[in-house]
Each structure stands twice: as C-alpha cells, then as structure tokens.
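Notes follow once the structure below has been shown.
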Amino acid sequence: MVESHEAKANNLKVIFLPFLSTSHIIPMVDMARVFAMQGVDITIITTAGNAAIFQKSIDRDFNRGRSIRTHVLEFPDKQVGLPVGVETFNADTPPDTPPKIYYGLAILQPQIENLFLELQADCIVSDMFHPWTVGVAEKLGIPRIIFYAASVLSRSAVHTLEQHASHTRVDRDSDKFTMVGLPHKLEMTRLQLPDWMRKPNAYGQLMKVINDSATRSYGAVFNSFYDFEGAYEEHYKNAFGTKCWSLGPVSLWANQDVSDKEERGDKRVEEGNSDLLKWLNSKKENSVLYVSFGSLNKFPTSQLIEIAHALETSSHDFIWVVRKNNDKEGEGFMEEFEKRVKESNKGYLIWGWAPQLLILENKAIGGMVSHCGWNTIVESMNVGLPMVTWPLFAEHFFNEKLVVDVLRIGVSVGAKEWRNWNEFGSEVVKREEIGKAIALVLENGKEADEMRSRAKALSEDAKKAILVGGSSHENLMQLIHELKSLKLQRLKVNTKDL
Ligand code: UDP
C-alpha cells in the first residue's frame, strides 16, 4: 500500500546539532529527548568524545521505546593537532585549544552537511554556534531552528544594546546605564558587558553572523518557560522577527528517573554518590548551601581562599563543587580547609563532576551560590531555590538581572567585571561580601522568606509548564504541528513537480 502524504508527514525526522561544549550539549540533548518523548524521530549529531557525555541517557530512552539515536563522527584530532579526546569546551580545556576545536568543527562541516541530506531531515535544530546550518537548511528547503543555551532576556538585551547603544552614552566603564526598550528597567555598567560589546573583536564578528542566522531561521527555541521569561519571549519575536518557543525546563521534563539525574553529564562522582547522599540526608531541611560555578570555570587561589573563609564562617553547612587550578601552594590551603570542614561535618567538597540535579532536589538544600549559568538557574528554579548570584562570563551578567531585579529571587554578591571563561580576570570578591549575600539568602527574615516563597511559586509554575496544557507543553505541540504541516506542504509540492 502506498503511504499517504499525511502519514509520511506524521513521521517527522528532526536532527539536533549541539555545539561541542558540555553546557550546550546537556540542555540540547534534554530538549532532543523531550521531542522524542512526543514520538518525533531524533538523531543527534556529535563527535565521539562529546557523545560520551550523554550516550547513556540516549540508550535508556531507546530502550524505553523512543526513536532516538546519536550519529557519532570522528573528531579530526590529528589534523588539528590535538590529543585524542580533547574536543570539548569545559573547565579542563587547555588555553591554546579552543581555536583547534573550532578548526576541527570546520573540517567536519561538509560531513555534517551530507548527513542532513542522507538522513532526510525534516528540520534542523542547530546550536547558535553553527550559523552555517541556516544556509544548508535553505538549500534543502527545510526549517532551521536556532537553539540558545542562554536566557531569552540575554538575547533580547544584546539585541537592544546593538540597536540603541545605551552603553556608549556614559562616560566611565563603571557608570550605570539603563537598557532601552526592554520590558523592565534594567541597569548595568559597561564593565559587566562581554568584551566584544565594548570593543570590536573576532568574537563580535561571529556574533553578527549568528544574529543574521537567527533572523533567517524559522524560529528559536529556549530552555525557559512562560512564567519565567514570557515578556522576553514576546520581545525576542519582535526584535528578531521570527517565531520563538520556550520549551523548558527541559532538565525537569527529560530526566524523570534517578538514573537520568545521577548520570547527567556522565561523569559520576568517582566513588559513586552514596557518601554524598548520606551526608545530605543527615542534614536538616533547607539548611545546606550548594555552591557551584558550572562546567567551565576555574578560580585563582586568591578567590578560592575568600570563598573558603566565607563558607567556614557562615552559619550554614555547604556543598562546594571545586575545580583544581594547578596551583601547588593553593592545594595545601584547600587540603587543610577540606580536612577541617570534614571533621566538623560542616562542608562537603566535590572535586569532580557533581550530580547537580540530584543535589538540588534534596530537601536539605536551602539555597545556592551560582555563577548564573543559564542551565543552573533553570535547574535551581525546578526546585524553587533562592540564590546568591555571582556572574562571571558569557551572558551571566544579563541572567543576574533576571534573577535579582525581575524575578527577585536572588541577592547579588556584587561582581563588577565580566571576564573570559578561560581567564581568571582581576576581580576577587571578598569574603565579607560573599558572607553578607549568603546570610541575606539563607537566614530567616522578611526579605529571605519572601524570596523563598517567590522561588517556590516559580517552581510550581515550572512543573505546570511541562504538563499537558502547560505553556511549554503547548509550545512544543504547536511547534511539532507546524513542522508536520511544513513537511506535508513539501511533500505535496514535490509530487506536483514530478
Ligand atoms: N553540571 C553538573 N555538575 C557539575 C557542574 C555542572 O551536572 O559539577 C551541569 C549543570 O547541572 C548544568 C551544566 O552542567 O546543567 C552547567 O551549565 P550552566 O549553564 O549552569 O553553566 P556553564 O557550565 O555554561 O558555565
């Protein structure tokens, strides 16, 4: 029997192409898995080293009966002069490596392009850092959707600063300016903007190409939800003149089993998680602070010392995810610090990869210190945690505005200066500032109580967003419906051409 166009259009094939960085891969893979949960056929294209970060979750989903797989490419390490397996942007990426990883990606581009054709994709969901995919999709006559591992607010803020240049109208880098044209009155300083927004550089050129690819895309998808950033969703649509769907929180939607949460990022705490969970379970509800700065950051010893003092003198217990910075002198300080807080049972240090979703959902966790990485903000909102905001690089300073000024669920540690993700920068936040912000977030008092109840309300909204009838659920159904209609139109046009 000949399959009808309608039946063919129902069998939607979507390709996801993540960027080669841990914190772009994690939410994009979760989003791909959410599509597969709705019966869409999914192929994720990445390199072997990066597939290792998430493959177990894909295998589990496949065994759950979902039509999802990874298409693994070999990273051209020899050609670009990198050791085997060095093909990801994360905290351990050596400083001279990023251009080589970009070069490797450029070498892979023709192979990926061929795959889009071979796999007969009906849609490409592409990380923003693959702007060339928009041209390929145009050639193939299929929609390309841009994926941002960032907040809608941050994309809107960058756009409005490019349009109105409010940041150029103050004398000093430390003077405050208001971002014109956003749904809220938000103030920043030039020092808090990414370097490419202050002075033209190659990254700024890349951002122009990315923005152009965004306006040529069928639409944009974000790991966010309407009650979190609805006003910015509308702003994005007007600013970029394309569609825009918030489909989150994808971490909550895709990872419903303990195994998914435990192995997310695929690098389990070396000895397993049982000690950590035993420690957490022995603590009182809302009593522990979770301190983490994401997958890319390393601090200099001078900053580690300030954090250590602030945590040790705070009246709260803590979990701190720390990355080694290869400073031998600092190692001695950290070893002694760890010994002391272990003996007093006040603190738990994680030196590798933390099972963040498992930690955040534990009842003992009462708040967090976050670098304002977008994934972490959304994940902490899944469970309604107020936070100390400590932006560092990328779009973190914009995200801080959302948390502190728009949603009023966080207290700023007072970071003043943007830096690159793989540099230490010159700013060291002092222990007193860190301690003050922690106390404001965790100690009882009107302000903290109100912040906590606002965060809890958002957590309820987040849970509703992904249920049938919720905003993200509706957005996904609408998007899938549109993609099927576009496929049907293509099929009809193609048969007419025959
Ligand atoms: N993450 C984790 N364990 C860690 C560090 C990070 O599971 O030890 C996860 C975290 O849950 C989040 C992602 O890695 O999903 C970090 O992304 P985010 O946007 O917060 O920060 P970035 O890594 O981009 O700075």
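Of note:
- Helices (runs of 4 or more DSSP H) contained entirely in the range 234-287, each with at least 1 residues that are modelled with pLDDT under 90: 258-262, 274-281
- In the range 426-466, the residue that is surrounded by the most Cβ atoms within 10 Å (Cβ to Cβ) out of those that are part of a loop (DSSP other than H, G, I, E, B) and over 22 Å from the mean Cα position of the chain (by Cα) is V429.
- Residue match in the range 282-295 (condition: touching a Pro at 6+ places or on another chain (Cβ under 8 Å) and either within 20 Å of H396 (Cα to Cα) or assigned by TED's automatic domain parsing to the domain that holds S156 (or both)): no
Residues are listed down the side, and each one gets a yes or a no for (1) aliphatic (A, V, I, L, M); (2) farther than 18 Å from G384 by Cα:
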position: R419; (1), (2): no, yes
position: G425; (1), (2): no, yes
position: V429; (1), (2): yes, yes
position: V441; (1), (2): yes, no
position: R452; (1), (2): no, no
position: A457; (1), (2): yes, no
position: E460; (1), (2): no, no
position: K464; (1), (2): no, no
position: K484; (1), (2): no, yes
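- Of the residues making up the range 120-147, those that are in a loop (DSSP other than H, G, I, E, B) and open to solvent by 50 Å² or more (accessible area, probe 1.4 Å) are Q120, W132.
- Any hit, the range 289-301, residues being away from the ligand (no atom under 11 Å from the Cβ), within 30 Å of D61 (Cα to Cα), part of a strand (DSSP E or B) and open to solvent by less than 20 Å² (accessible area, probe 1.4 Å): no
- Each residue in the range 338-383 was checked for being away from the ligand (no atom under 16 Å from the Cβ), in a loop (DSSP other than H, G, I, E, B) and out of contact with any Leu (no Cβ under 6 Å at 6 or more places or on another chain), and 4 pass.
- Subset of the range 461-498 (residues that are at negative phi and among the small types (G, A, S)): A462, A465, G470, S471, S472, S485
- Criterion (without any contact (Cβ under 8 Å) to a residue 40 or more places away in the chain and either surrounded by fewer than 20 Cβ atoms within 10 Å (Cβ to Cβ) or under 14 Å from D260 (Cα atoms) (or both)) met by exactly one of D30, D77: D77
- Given (1) of a type in the set (V, I, T); (2) part of a strand (DSSP E or B); (3) closer than 24 Å to P355 by Cα, number of the condition I53 does not satisfy: (2)
- Applying the condition of being open to solvent by less than 20 Å² (accessible area, probe 1.4 Å) and assigned to a loop (DSSP other than H, G, I, E, B) to the range 89-119 and asking which residue is farthest from V322 (Cα to Cα) yields T97.
- Subset of the range 302-337 that is hydrophobic (A, V, I, L, M, F, W, C) and assigned to a strand (DSSP E or B) - its residue that is nearest to the ligand (Cβ to nearest atom): V321
- Residue match in the range 159-173 (condition: assigned to a strand (DSSP E or B) and either more than 23 Å from L407 (Cβ to Cβ) or open to solvent by 30 Å² or more (accessible area, probe 1.4 Å) (or both)): no
- Candidate set from the range 318-359 (those that are within 28 Å of the chain's Cα centre (by Cα) and of a type in the set (K, R)); member that is least open to solvent (accessible area, probe 1.4 Å): R323
- Selected residue (criterion: surrounded by the fewest Cβ atoms within 10 Å (Cβ to Cβ)) from residues of the range 56-73 that are assigned to a helix (DSSP H, G or I) and more than 16 Å from the ligand (Cβ to nearest atom): N63
- Residue selected from the range 467-477 under the condition in a helix (DSSP H, G or I) and free of Cβ contacts under 8 Å to residues at least 60 places away in the same chain, by the criterion surrounded by the most Cβ atoms within 10 Å (Cβ to Cβ): H473
- Among the residues of the range 19-52, those identified as in contact with a Ser or Thr (Cβ under 6 Å, 6 or more places away or on another chain) and within 16 Å of the ligand (Cβ to nearest atom) are L20, T22, S23, D30, N50.
The values are calculated or read from the model by the stated rules, or taken from the named source; none is laboratory data. In this text, all values refer to a predicted model and were calculated from it rather than measured experimentally. Every residue, glycine as well, gets a Cβ built from its backbone with ideal geometry; the counts of neighbours run over all protein chains shown. Only protein heavy atoms, including side chains, enter the accessible area calculation; ligands, DNA and RNA are left aside. Shrake-Rupley method; radii C 1.70, N 1.55, O 1.52, S 1.80 Å.
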